[in-house]
Amino acid sequence: MTTLNQLLGFLMRAIVTGLAIAFVIVYLWPAAINGRGQDNGKNTETPAGPSSYAQAVDRAAPAVVSINTRSVLPVPGPQVSRSGSAFYLYQLRRFVNEGSGVIFSEDGYILTNYHVIRQAQQISIVLWDGRIIPAQLIGSDPATDLAVLKVELGGLPVAAINPEREVRVGDVVLAIGNSLGLSHTVSMGIVSAIGRNNLSSVLYQDFIQTDAAINVGNSGGALINTRGELIGINARRIEATENAENIGFAIPVGLAADVMRQIIDYGEVRRGWLGANYSNLRPTQQPDGSLLQNGIGVKEVQHDGPAWNAGIRQGDIILSLNGEPVSDAARFLLSISLSPPGTRVELEVQRGDVVSQVYADLIQQPPL
């Protein structure tokens, strides 16, 4: 009997000791039972990113080309004085430029930036496999800084596009292009912002901002997601200034593809035009003390244009377009341009204290 009691006592002490140890482990070290790290007692697990983006690059890079252009242009030479008047003798100078492009069709249509091929007299592209092919300029659109090239080849690799895929701030992206003459250079970053405008002299702007390095020569190249799908055409970067790093911009693929399609189909881009110039207004203070941007100002109106015929005049404030509030002049201009000529738009216009609804029939934008 004594032996049995001793055995039971030993077992009870072992069980109590085990439970005590388990309690301490669970209380002080919960990661030991769930296999996950913790920080200050809270689970901060985040999904691990891939160790490589090689598959995305393998899918996208063959559709990216390097572009070389050559031109001979007159430039001012030495100043010459004759009979008391000074003038310049012009000299011919050869210019060479480099950039990138993206193949959009197997039969050789390529999209790039207008500023890459501007004034070019000879254009050649370098394919993924090293072949150098002459290219023809099909058309350009300075208003979006885009141009369409064509090479006489078939069976070319084409950029993958998924129009249903949403681009979100924070998405990992890769920039591929002819960076500083180094073809098919890949840099990585994230989407820093979307819908950027008022950045340059380009009229229609809706840029994707990224911190993926975009250097000289990257213009016209591909901005892709981690699936290897094209989301933008790399266009520009903030020029080097103090404390400015990795601020680059790409044209969204939806806008770029639409411009390309119209250039191929019509030889030009058909955009709606209202016939007025606009400016942003200062934010107004709300009852709670916050500031609200409401409406855009009409700076000037073209006589007999759609806005004029709708009764819009200089000094008016446009509050909404087709029922959607308006607060940014550049975004309003882009929205109007994306509507085909002949489209009737509804505008809410304020003049003084009077707000009214007016309708305007858009026409084709005249040449810039």
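The values are calculated or read from the model by the stated rules, or taken from the named source; none is laboratory data. Please read these numbers as outputs of a predicted model, since none were measured by experiment. All Cβ positions, even for glycine, are placed from backbone atoms using ideal geometry, and neighbour counts span all protein chains on display.
Contact map, segment 155-170: residues that are part of a loop (DSSP other than H, G, I, E, B) paired with residues that are buried (at least 16 other Cβ atoms within 10 Å of the Cβ) and of a type in the set (Phe, Trp, Tyr), Cβ distance under 7 Å, separation 6+ or inter-chain. Pairs shown: Pro157/Trp128; Val158/Phe104; Ala159/Phe104. The set of residues in segment 105-125 that are surrounded by 23 or more Cβ atoms within 10 Å (Cβ to Cβ) and assigned to a loop (DSSP other than H, G, I, E, B) contains only Asn113. The strands (runs of 3 or more DSSP E) found wholly in segment 213-292 and carrying at least 3 residues that are crowded, with 20+ Cβ neighbours inside 10 Å and under 14 Å from the mean Cα position of the chain (by Cα) occupy 222-225, 230-237, 248-252.
Could you say whether any residue in segment 263-273 is modelled with pLDDT of 95 or more and touching an Asp or Glu at 6+ places or on another chain (Cβ under 8 Å)? Yes, segment 263-273 contains a residue that is modelled with pLDDT of 95 or more and touching an Asp or Glu at 6+ places or on another chain (Cβ under 8 Å). Would you pick out the residues in segment 126-173 that are in contact with a Leu (Cβ under 8 Å, 6 or more places away or on another chain), over 21 Å from Gly108 (Cα atoms) and crowded, with 17+ Cβ neighbours inside 10 Å? Ala143, Thr144, Val173 - these are the residues of segment 126-173 that are in contact with a Leu (Cβ under 8 Å, 6 or more places away or on another chain), over 21 Å from Gly108 (Cα atoms) and crowded, with 17+ Cβ neighbours inside 10 Å.
Table: residues versus (1) assigned to a loop (DSSP other than H, G, I, E, B); (2) at pLDDT 95 or above; (3) acidic (Asp, Glu).
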position	(1), (2), (3)
His303	yes, no, no
Ala330	no, no, no
Pro340	yes, no, no
Leu347	no, yes, no
Gln357	no, yes, no
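Residue selection: Ser100 fails the criterion of being modelled with pLDDT under 95 and either hydroxyl-bearing (Ser, Thr, Tyr) or in contact with a strand residue (DSSP E or B) (Cβ under 9 Å, 6 or more places away or on another chain) (or both). Comparison of Ser337, Ser320 shows that the only residue that is farther than 14 Å from Gly275 by Cα and in contact (Cβ under 8 Å) with a residue 12 or more places away in the chain is Ser320. Among the residues of segment 113-167, count how many are in contact with a strand residue (DSSP E or B) (Cβ under 7 Å, 6 or more places away or on another chain) and basic (Lys, Arg). The total comes to 2.
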